[in-house]
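Student: Here it is, the structure in full.
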Amino acid sequence: MPKIKLSEYATTTIKEVCASFNHNEGELINVLHQVQHKLGYLPAEVQELVAIELNIPVAKVYGVVTFYSFFTMLPQGENPISVCMGTACYVRGAEQVLDEFRRQLKIDVGETSADGKFSLNALRCVGACGLAPVVMVGDRVHGRVSPSDVKKILAECKDGCLTHN
Amino acid sequence: MADYKMHILVCGGTGCRASQAEQIVKNFKQELAQKSLDKEIKVVTTGCFGFCEKGPVVKIIPDNTFYTQVTPQDVTDIVEEHFIKGRPLKRLLYHNPKNEFSVTSAKNIDFYKKQVRIALRNCGFINPENIEEYIARDGYAALGMALTEMTPEQAIQLVKDSGLRGRGGGGFPTGLKWEITRKVQNSQKYVVCNADEGDPGAFMDRSILEGDPHSIIEAMAICGYCIGASNGLVYIRAEYPLAIHRLKIALNQAKEYGLLGKDIMGTGFNFDIEIRYGAGAFVCGEETALIHSMEGSRGEPTFKPPFPSVSGYQGKPTNVNNVETFANIPVIFNKGAEWFNKIGTEKSRGTKVFALAGKVNNVGLIEVPMGTTLREVIFDIGGGIRGGKRFKAVQTGGPSGGCLTEKHLDTPIDYDNLILAGSMMGSGGMIVMDEDDCMVSIAKFYLEFTLDESCGKCTPCRIGNKRLFELLEKITQGKGTMQDLDRLRMLSNVIKDTSLCGLGQTSPNPVLSTLDNFYHEYVAHVNSKTCPAGQCKALLKYEVDAEMCTGCTLCFRNCPVGAITGEKKMPHYINQSLCIKCGVCYDKCKFKAISIV
Ligand SMILES: Cc1cc2nc3c(=O)[nH]c(=O)nc-3n(C[C@H](O)[C@H](O)[C@H](O)COP(=O)(O)O)c2cc1C
Ligand code: SF4
Ligand code: FES
């Protein structure tokens, strides 16, 4: 992967976050949460700087980032789509819904579409099991989704439903 | 809640919020203000009512009227009918599916009749963001009593007498755990609340934190007093933003009221609570992994002993309890061990909260006395199977549990019975399956989860589960042999016996229990290359039965890939080379004209 150069903003953000936790290595997970929240994702270059700031090996940071599914090393799409694959959703047909997203977007789980508009993820139970199968687009929850709804959801995103919601 | 004549309770749990509950609250406030009723009627956002299936739910007290599936547009009508004309709005009442009568009062709804709410006592009754409402319902009285009237030993004895066992899965006696942690000498100890709730399809702990966060704070403080700790930590999933938000509010309020911090209630007892975030790893629910995660490392379990009670967070004695376990504590202090003892069974006292989901009519959060049978839960409370299908299995214990069948329906639910039946209590996920669910696929689904979540530290779990998964995949693709079935069983037993932590030790349970209870289904996949439930794609084909087809075009309109052709009122046809076997046509057809062959 080509190296990316961190922007001024990214560098100061990381330094500030680490400082707010007193550069304490025990706070690594909290640091990563905040950095990801502010920068969107945690590429290798970000991890390197976090390691320097907390004075720990990069391998430790990398080990933690890759261990927890909440952390991502890839940028997410404008419309991050998460299909719930918790058991309640699975038994009500979440897999077919996920397959349909794969097919329509031509990307696999964990990938972002070439135009950067969509990324696709599977997650485990968002706690709206009564509405299963559940799909989240950003913070918006779609309930009782069937494969034939997928097209509509994608079209809504393209119309920018996210902006007025 | 004294100043207002009436209250409108609107469920603000995650499920109902997803269906615009917030807008409903806004509309109520606006409507009441317009009609100048806002001095008499108060709108309260509460935690989960449990009846998620029919959400968003609105309840009016004191008359207990229960409105289901409310939309923001319904608000004007409710205010007009209920508050101005003084009669319930029929259209939104719950309809008893058995006799089509509408039910006005929440108390008369089958879903609630058999429930006993201890851990969920405040969920759906109080505004979780207001400490006063918690206090009005005996909140913090238990802490006051423990601090001022009891020694730590007496308080521990009370918990022991109650017979409360851990609700996080293992069922370890809570009082005993507290006693062990108390006896370890150390000036620094920790109380940890395990709110990781990794079981997919389970949302008990989250609902408690969203609906009644103060009960957890109060219980943790009592625990701190008992074991001699002045620091508490809540380890919560970052995927639970609403629970985190409400917990933070509750912590701040408790500090403001002097119920956390230094010299609580002037007794000289200090206790404070911090939040630690998980980051999406199921294994972090295991207590040693959880502790490593709180220390900022990868959440890999370590060998026990030493137990956390002896050496936990930062190497200090640490008492780890589950959210629901804690939620029981204040009530036990307020009502006494004897009262608690009367509920439940001999070896499992009290109640258990379950997240009932899957193919039942009433998906939701329920709490029943231990000893209630699966049949009562699924058919009385859950309202039976959706769409008139046949019950096939119920899965308890999440990825560590097993599938129980018809013959287990009358088993009283408690820790020991579920283990005897080949499953386990787990944290409380309960997934109901019907005749359309392929048990081999279900086993594969759980294994896929385990594979994702195995921390990789030990070989049997990391590699063994992968091989199990591959065998199951082979079988669902119709390439399995009878030998593979023996291999599945043998490998499962090896993994169980040799894995380091609870995750690996229980991960083959879904495989073993389906092999035990649904062996014929495995055999069908292997020998006749068919999937009896019609779920395994590689083994099935959708076809239109020309005689049954009325040409209604519903399938044609719904097929996502345009594989269906046909004229109106003429039999349709499925082009097999285009069909992606999604099953939409099968689900949509009203004339049973689509068959799986
Ligand atoms: C793989 C695995 C996952 C677990 N997940 C959870 C969980 O999500 N929540 C929980 O409270 N306990 C979980 N536990 C159980 C904890 O290790 C621990 O026993 C429990 O938190 C103790 O609390 P209790 O005595 O109040 O039940 C898990 C155990 C294992 C082996
Ligand atoms: S059993 Fe699995 S999850 Fe547990 S320590 Fe071993 S590899 Fe990790
Ligand atoms: S399993 Fe999908 S929301 Fe719970």
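Student: Just checking, how many residues over the stretch A:122-134 are within 11 Å of chain B (Cβ to nearest Cβ) and at pLDDT 85 or above? First the steps, then the outcome.
Tutor: First, pick out the residues of the stretch A:122-134 that are within 11 Å of chain B (Cβ to nearest Cβ): A:122-132, A:134.
Checking the rest, the ones that are also at pLDDT 85 or above come to A:122-123, A:131-132, A:134.
The total comes to 5.
Student: In the list B:Leu247, B:Leu242, which residue meets the criterion of being under 27 Å from the mean Cα position of the chain (by Cα), of a type outside the set (Lys, Arg), surrounded by fewer than 19 Cβ atoms within 10 Å (Cβ to Cβ) and in a helix (DSSP H, G or I)?
Tutor: Numbers: B:Leu247 fails: surrounded by fewer than 19 Cβ atoms within 10 Å (Cβ to Cβ).
Of the residues listed, the single one that is under 27 Å from the mean Cα position of the chain (by Cα), of a type outside the set (Lys, Arg), surrounded by fewer than 19 Cβ atoms within 10 Å (Cβ to Cβ) and in a helix (DSSP H, G or I) is B:Leu242.
Student: Can you tell me which residues in the stretch B:295-324 are part of a loop (DSSP other than H, G, I, E, B) and within 23 Å of the chain's Cα centre (by Cα)? Talk me through it step by step, then tell me what you get.
Tutor: Applying the first criterion (part of a loop (DSSP other than H, G, I, E, B)) to the stretch B:295-324 yields B:295-312, B:316-317.
Passing the criteria: only B:Gly299.
Student: Identify all residues within the stretch B:340-358 that are on the phi > 0 side of the Ramachandran plot, away from chain A (no Cβ under 14 Å) and either within 16 Å of ligand 3 (Cβ to nearest atom) or in a loop (DSSP other than H, G, I, E, B) (or both); write none if there are none.
Tutor: Quick first cut of the stretch B:340-358, residues on the phi > 0 side of the Ramachandran plot only: B:344, B:350, B:358.
Those left that are additionally away from chain A (no Cβ under 14 Å): B:344, B:350.
The answer is B:Gly350, and nothing else.
Student: Would you point out which residue out of B:Gly139, B:Gly175, B:Gly171 is within 16 Å of ligand 1 (Cβ to nearest atom), in a loop (DSSP other than H, G, I, E, B) and in the same structural domain as B:Leu233 (by TED's automatic domain parsing)?
Tutor: Numbers: B:Gly139 fails: within 16 Å of ligand 1 (Cβ to nearest atom); B:Gly175 fails: in a loop (DSSP other than H, G, I, E, B).
Going through B:Gly139, B:Gly175, B:Gly171 in turn, the sole match is B:Gly171.
Student: With respect to the numbered conditions (1) touching a residue at least 40 places away in the same chain (Cβ under 8 Å); (2) within 14 Å of chain A (Cβ to nearest Cβ), which one is the sole condition not fulfilled by B:Asn465?
Tutor: All conditions pass for B:Asn465, except number (2).
Student: Scanning the stretch A:138-152 for residues that are under 16 Å from A:Met85 (Cβ atoms) and assigned to a strand (DSSP E or B), which turns out farthest from the other protein chains (Cβ to nearest Cβ)?
Tutor: Only one residue tops the list, namely A:His142.
Student: Looking only at residues in the stretch B:539-561 that are away from every other protein chain (no Cβ under 14 Å) and not charged (D, E, K, R), which one is nearest to the chain's Cα centre (by Cα)? Please lay out each step first, then the result.
Tutor: Narrowing the stretch B:539-561 to residues away from every other protein chain (no Cβ under 14 Å): B:539, B:541, B:543-552.
Remaining after also requiring not charged (D, E, K, R): B:539, B:544, B:546, B:548-552.
Values: B:Leu539: 33, B:Val544: 39, B:Ala546: 44, B:Met548: 41, B:Cys549: 41, B:Thr550: 42, B:Gly551: 43, B:Cys552: 40 Å.
Only one residue tops the list, namely B:Leu539.
Student: Here's something else I'd like to know. Return the residue satisfying two criteria in turn: it lies in the stretch B:70-81 and is surrounded by fewer than 15 Cβ atoms within 10 Å (Cβ to Cβ) and not charged (D, E, K, R), and of such residues it is farthest from B:Gly12 (Cα to Cα).
Tutor: Among those residues, the one meeting the criterion is B:Gln73.
Student: List the pairs whose first member sits in the stretch A:81-93 and is closer than 14 Å to A:Ala128 by Cβ, whose second member is part of a strand (DSSP E or B) and near ligand 3 (Cβ under 8 Å from one of its atoms), and whose Cβ atoms are under 6 Å apart, counting only residues at least 6 apart or on separate chains?
Tutor: Partner pairs satisfying both residue conditions: A:Ala88/B:Ala357.
Student: Here's another thing I want to ask about it. Before we move on, is B:Gly456 within 14 Å of ligand 2 (Cβ to nearest atom), within 14 Å of chain A (Cβ to nearest Cβ) and out of contact with any strand residue (DSSP E or B) (no Cβ under 6 Å at 6 or more places or on another chain)?
Tutor: Values: within 14 Å of ligand 2 (Cβ to nearest atom): yes; within 14 Å of chain A (Cβ to nearest Cβ): yes; out of contact with any strand residue (DSSP E or B) (no Cβ under 6 Å at 6 or more places or on another chain): yes.
Here the answer is yes, as B:Gly456 does meet what is asked.
Student: If B:Val283 satisfies all but one of (1) of a type in the set (A, V, I, L, M); (2) within 22 Å of B:Gly397 (Cα to Cα); (3) more than 13 Å from chain A (Cβ to nearest Cβ), what's the number of the condition it fails?
Tutor: With (1) of a type in the set (A, V, I, L, M); (2) within 22 Å of B:Gly397 (Cα to Cα); (3) more than 13 Å from chain A (Cβ to nearest Cβ) applied to B:Val283, the lone miss is (3).
Student: Hey, could you check the stretch B:483-514 for residues that are among the polar types (S, T, N, Q) and assigned to a loop (DSSP other than H, G, I, E, B) and say which is nearest to ligand 2 (Cβ to nearest atom)? Don't jump to the end; show me each part of the working.
Tutor: Initial filter on the stretch B:483-514 (among the polar types (S, T, N, Q)): B:483, B:492-493, B:498-499, B:505-507, B:509, B:513-514.
Narrowing the set further to residues that are assigned to a loop (DSSP other than H, G, I, E, B) leaves B:499, B:507.
Values: B:Ser499: 4, B:Ser507: 7 Å.
Restricting to residues being among the polar types (S, T, N, Q) and assigned to a loop (DSSP other than H, G, I, E, B), the top hit is B:Ser499.
Student: Considering B:Gly402, B:Gly398, which residue is on the phi > 0 side of the Ramachandran plot, touching a Gly at 6+ places or on another chain (Cβ under 6 Å) and surrounded by 24 or more Cβ atoms within 10 Å (Cβ to Cβ)? Even if it seems obvious, please write down each step before you answer.
Tutor: Working: B:Gly402 fails: on the phi > 0 side of the Ramachandran plot.
Just one listed residue meets the conditions, B:Gly398.
Student: In this structure, does B:Ile419 turn out to be within 16 Å of ligand 1 (Cβ to nearest atom) and within 27 Å of B:Ala289 (Cα to Cα)? Outline the logic, then answer.
Tutor: Values: within 16 Å of ligand 1 (Cβ to nearest atom): yes; within 27 Å of B:Ala289 (Cα to Cα): yes.
Yes.
Student: For the stretch B:249-280: of the residues being within 14 Å of another protein chain (Cβ to nearest Cβ) and not hydrophobic (A, V, I, L, M, F, W, C), which is farthest from B:Asn127 (Cα to Cα)?
Tutor: This residue is B:Gly280.
Student: Within the stretch A:18-46, count every residue that is closer than 30 Å to A:Gly116 by Cα, within 14 Å of chain B (Cβ to nearest Cβ) and touching a helix residue (DSSP H, G or I) at 6+ places or on another chain (Cβ under 7 Å).
Tutor: Residues flagged as closer than 30 Å to A:Gly116 by Cα, within 14 Å of chain B (Cβ to nearest Cβ) and touching a helix residue (DSSP H, G or I) at 6+ places or on another chain (Cβ under 7 Å) within the stretch A:18-46 amount to 8.
A quick yes/no check of all residues on (1) in a loop (DSSP other than H, G, I, E, B); (2) in contact with a helix residue (DSSP H, G or I) (Cβ under 7 Å, 6 or more places away or on another chain); (3) within 16 Å of ligand 3 (Cβ to nearest atom):
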| site | (1), (2), (3) |
| --- | --- |
| B:Gly266 | yes, no, no |
| B:Glu274 | no, no, no |
| B:Cys284 | no, yes, no |
| B:Ala289 | no, yes, no |
| B:Phe326 | no, yes, no |
| B:Glu338 | no, no, no |
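Student: Take the residues in the stretch B:29-67 that are crowded, with 19+ Cβ neighbours inside 10 Å and of a type in the set (S, T, N, Q), then tell me which one is nearest to B:Gly384 (Cα to Cα).
Tutor: B:Thr65
Student: Just need a number here: residues in the stretch B:427-442 that are of a type in the set (A, V, I, L, M) and under 10 Å from the mean Cα position of the chain (by Cα).
Tutor: Of all residues in the stretch B:427-442, those of a type in the set (A, V, I, L, M) come to B:430-433, B:439-440, B:442.
Narrowing further to those that are under 10 Å from the mean Cα position of the chain (by Cα): B:430-431.
So the answer is 2.
The values are calculated or read from the model by the stated rules, or taken from the named source; none is laboratory data. On a predicted model such as this, the values are computed, not experimentally measured, just so you know. So basically every Cβ, Gly included, is an ideal-geometry build from the backbone, and we count neighbours across all protein chains shown.
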